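Asker: I have a structure I would like to understand better, so I am pasting it below and will then ask my questions one at a time.
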Amino acid sequence: MAPNTDILHSIAAAVNNDAAMVHRGRYVDLNFLLSIGSDSHFLTISQGRIAAITLGGGLMRPWRFAIHITPEAWKKFRQPLPRPGYHDLFAMCKLGEARIEGEIHALMANLRYFKELLAHGR
Amino acid sequence: MAAKLGAELGVEFEAAIGRYMTVEIQGRANRIYFETAGQGIPLVCLHTAGADATQYRHLLNDAEITRNYQVIAFDLPWHGKSLPPVGYHLEDYNLTTDLYLDTVMAVCQALKLEQPVIMGCSMGGRIVLQLALSRGAELGAVIGLEGADHQEPWYDTEWLHRPDVHGGEISAALVSGLVAPQSPDEFRWETLWGYLQGGPGVFKGDLHFYRVDSDYRDRVGDIDTNQCPVYLMTGEYDFSCTPEDTLRTAARIDGAQATIMEGLGHFPMCEDPAQFRRYILPVLDQIRGKT
């Protein structure tokens with residue numbers, strides 16, 4: 001268990017129960033890495049459902065793309081009404097509080113899905 | 001006439017009416033669609049990159065504004081219900097400062113507008129600075145919404161026009177973060193619809209102007225605000241044209257007025273019309289000398 005494991009599992013449950021979200025992600029099948037500071041999880045997406053959440057940035061597990069967010073920015077982003085600059089993934093990237101790397105085509109082609117996944121339930 | 005017809009039909013027609021006209025711009029005929037309502041000082045409204053003049057429907061139907069202003073909102077060529085010029089299928093659309101300026105002035109001249117006030121948002125908020133600089137004597141004032149003389153890019157525009165990514169979907173998903181989180185869902189999604197339905201490569205072509213051909217940092221200081229007053233208004237949630245970008249620009253223009261708008265993002269006139277109204281009405285009053 002890491003600091004953000006619980007919240008990621010609650011996001012997963014909410015996404016998987018949201019038929020519109022699952023439909024939007026119906027062409028998404030991949031692993032991506034979400035790192036919040038040193039707290040890293042692999043999220044396995046299968047046809048729009050979050051099928052697995054696996055703790056461990058040290059694992060030699062492949063990922064398609066990775067999203068890195070500072071713990072402080074993630075906490076601000078997840079507020080019900082985030083402050084300017086912390087309300088959007090790309091806003092946090094522009095501030096230097098988040099970073100995206102890897103093969104980002106799948107992210108960009110399904111951008112609404114991934115942005116709504118990260119913000120789900122806030 | 002229209003109101004009477006609407007009453008007879010049992011339908012409430014909006015005050016705004018739409019018209020088409022063909023205007024020559026840089027030697028090419030362009031069929032342009034515009035909407036207008038009201039009477040008084042011409043107020044020409046310029047939509048954001050990759051969208052259309054639907055963004056101004058709330059101003060067009062605001063009786064408090066149209067009592068004193070003739071609001072005119074047109075779709076740029078390639079956008080909305082304006083057509084691209086003949087031969088468009090053989091070229092890549094790339095807006096430039098010269099083409100944008102010539103287009104705005106061609107519309108104003110076609111409609112014989114005298115001393116119009118030009119209000120533009122985002123890239124429209126950029127071009128109004130060049131208009132104030134080079135055509136200020138012909139204008140009543142300019143209002144730049146989410147405008148600045150330059151801003152730092154935050155994504156690669158190559159993503160916007162390629163066969164393996166839906167251009168409308170990615171454009172809307174990218175700019176969705178520029179809408180303030182508290183803006184009403186109804187208007188957030190109406191705003192994003194403009195991006196979802198854009199023509200292929202059009203948003204990218206607009207951003208050619210915005211990213212490549214409109215760094216005005218070296219010239220905005222030459223704007224004469226006694227001749228053409230400059231108002232800059234930016235939403236606090238806009239991380240594309242940030243409040244800092246706007247305040248820096250205003251500081252370079254002697255006499256420019258800058259306002260940072262709370263609870264608004266990059267699309268103030270359409271993402272939260274009620275909130276925007278609180279900010280724009282005093283500016284319009286000021287322009288017509290009421291305050």
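What follows draws every value from the coordinates through simple rules; no lab data is involved. These numbers come from a predicted model, not from an experiment. In this analysis, Cβ positions are derived from the backbone assuming ideal geometry, glycine residues included, and neighbour counts consider all displayed protein chains.
Asker: Can you tell me which residue is farthest from the other protein chains (Cβ to nearest Cβ) among those in the range B:171-189 that are touching a residue at least 24 places away in the same chain (Cβ under 8 Å) and farther than 19 Å from residue A:89 by Cα?
Answerer: The qualifying residue farthest from the other protein chains (Cβ to nearest Cβ) is B:187.
Asker: Checking the condition within 14 Å of another protein chain (Cβ to nearest Cβ), of a type in the set (A, V, I, L, M) and under 23 Å from residue B:273 (Cα atoms), which residue from B:160, B:232, B:192 passes?
Answerer: Going through B:160, B:232, B:192 in turn, the sole match is B:192.
Asker: Return yes when residue B:225 is more than 14 Å from every other protein chain (Cβ to nearest Cβ) and either in contact with an Asp or Glu (Cβ under 8 Å, 6 or more places away or on another chain) or aliphatic (A, V, I, L, M) (or both) and no when it is not. Talk me through it step by step, then tell me what you get.
Answerer: Working: more than 14 Å from every other protein chain (Cβ to nearest Cβ): yes; either in contact with an Asp or Glu (Cβ under 8 Å, 6 or more places away or on another chain) or aliphatic (A, V, I, L, M) (or both): yes.
Yes, satisfied.
Asker: Now, a different point. Would you be able to say whether some residue in the range B:261-283 is under 20 Å from residue B:133 (Cα atoms) and in contact with an Asp or Glu (Cβ under 6 Å, 6 or more places away or on another chain)?
Answerer: No, the conditions are met nowhere in the range B:261-283.
Asker: As an exercise: evaluate residue B:113 against (1) more than 28 Å from residue B:196 (Cα to Cα); (2) touching a Lys or Arg at 6+ places or on another chain (Cβ under 7 Å) and give the number of the one condition it does not meet.
Answerer: (2)
Asker: Here is a list of conditions, (1) surrounded by 16 or more Cβ atoms within 10 Å (Cβ to Cβ); (2) away from chain B (no Cβ under 14 Å); (3) under 13 Å from the mean Cα position of the chain (by Cα); (4) over 25 Å from residue B:244 (Cα atoms), and residue A:65 meets all of them except one; can you say which number that is?
Answerer: All conditions are met except number (2).
Here is a yes/no grid of residues against (1) in a loop (DSSP other than H, G, I, E, B); (2) in contact with a His (Cβ under 7 Å, 6 or more places away or on another chain); (3) buried (at least 24 other Cβ atoms within 10 Å of the Cβ):
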| site | (1), (2), (3) |
| --- | --- |
| B:214 | yes, no, no |
| B:249 | no, no, yes |
| B:260 | no, no, no |
| B:266 | yes, no, yes |
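Asker: Which one of these is within 13 Å of residue B:142 (Cα to Cα) and in contact (Cβ under 8 Å) with a residue 12 or more places away in the chain: B:105, B:119, B:123?
Answerer: Just a single option satisfies the conditions, and that option is B:119.
Asker: Right, something else. Restricting to the range B:144-201, and then to whatever is among the small types (Gly, Ala, Ser) and outside any loop (DSSP other than H, G, I, E, B), can you tell me which residue is nearest to residue B:119 (Cα to Cα)?
Answerer: Among those that are among the small types (Gly, Ala, Ser) and outside any loop (DSSP other than H, G, I, E, B), it is B:144.
Asker: Considering only residues of the range A:77-91 that are in a loop (DSSP other than H, G, I, E, B) and either aromatic (Phe, Trp, Tyr) or at the interface with chain B (Cβ under 7 Å from one of its Cβ atoms) (or both), which is nearest to residue A:110 (Cα to Cα)?
Answerer: Ranking the qualifying residues of the range A:77-91, first place goes to A:88.
Asker: Let me ask something else. Given the range B:18-85, what strands (runs of 3 or more DSSP E) lie entirely inside it while holding 3 or more residues that are over 22 Å from residue B:240 (Cβ atoms) and free of Cβ contacts under 8 Å to residues at least 60 places away in the same chain?
Answerer: Once the strands (runs of 3 or more DSSP E) in the range B:18-85 are filtered for at least 3 residues that are over 22 Å from residue B:240 (Cβ atoms) and free of Cβ contacts under 8 Å to residues at least 60 places away in the same chain, what remains is B:28-37, B:69-74.
Asker: Identify, from the list B:103, B:157, B:66, the residue that is of a type in the set (Val, Ile, Thr) and over 23 Å from residue B:16 (Cα atoms).
Answerer: Numbers: B:103 fails: over 23 Å from residue B:16 (Cα atoms); B:66 fails: over 23 Å from residue B:16 (Cα atoms).
Just one listed residue meets the conditions, B:157.
Asker: Would you check if residue A:45 is over 25 Å from residue B:170 (Cβ atoms), more than 14 Å from every other protein chain (Cβ to nearest Cβ), among the hydrophobic types (A, V, I, L, M, F, W, C) and out of contact with any Cys (no Cβ under 9 Å at 6 or more places or on another chain)?
Answerer: no
Asker: Of all residues in the range B:20-50, which are of a type outside the set (A, V, I, L, M) and out of contact with any strand residue (DSSP E or B) (no Cβ under 6 Å at 6 or more places or on another chain)?
Answerer: Within the range B:20-50, B:24, B:26, B:27, B:28, B:47, B:50 qualify.
Asker: Moving to a separate point now. Failed condition for residue A:99, given (1) over 14 Å from residue A:114 (Cβ atoms); (2) away from chain B (no Cβ under 14 Å); (3) surrounded by fewer than 17 Cβ atoms within 10 Å (Cβ to Cβ), with all others met?
Answerer: (2) is the only condition that residue A:99 fails.
Asker: Just for the range B:66-86: of the residues that are more than 17 Å from the chain's Cα centre (by Cα) and farther than 17 Å from residue B:25 by Cβ, which one is surrounded by the fewest Cβ atoms within 10 Å (Cβ to Cβ)? So that I can check it myself, show each step before the final result.
Answerer: From the range B:66-86, those more than 17 Å from the chain's Cα centre (by Cα) are B:66-68, B:83-86; that's our starting set.
If we keep only those that are farther than 17 Å from residue B:25 by Cβ as well, we get B:66-68.
Numbers: B:66: 20, B:67: 10, B:68: 16.
Only one residue fits best here, namely B:67.
Asker: In addition: So which residues in the range B:87-127 are assigned to a helix (DSSP H, G or I), over 18 Å from the mean Cα position of the chain (by Cα) and under 20 Å from residue B:52 (Cβ atoms), if there are any at all?
Answerer: Hits for the range B:87-127 are B:88, B:110.
Asker: So, one more: Residue B:146: within 14 Å of another protein chain (Cβ to nearest Cβ), among the charged types (D, E, K, R), within 22 Å of residue B:52 (Cα to Cα) and in contact with a strand residue (DSSP E or B) (Cβ under 7 Å, 6 or more places away or on another chain), yes or no?
Answerer: Considered against the rule, which asks whether it is within 14 Å of another protein chain (Cβ to nearest Cβ), among the charged types (D, E, K, R), within 22 Å of residue B:52 (Cα to Cα) and in contact with a strand residue (DSSP E or B) (Cβ under 7 Å, 6 or more places away or on another chain), residue B:146 comes out as yes.
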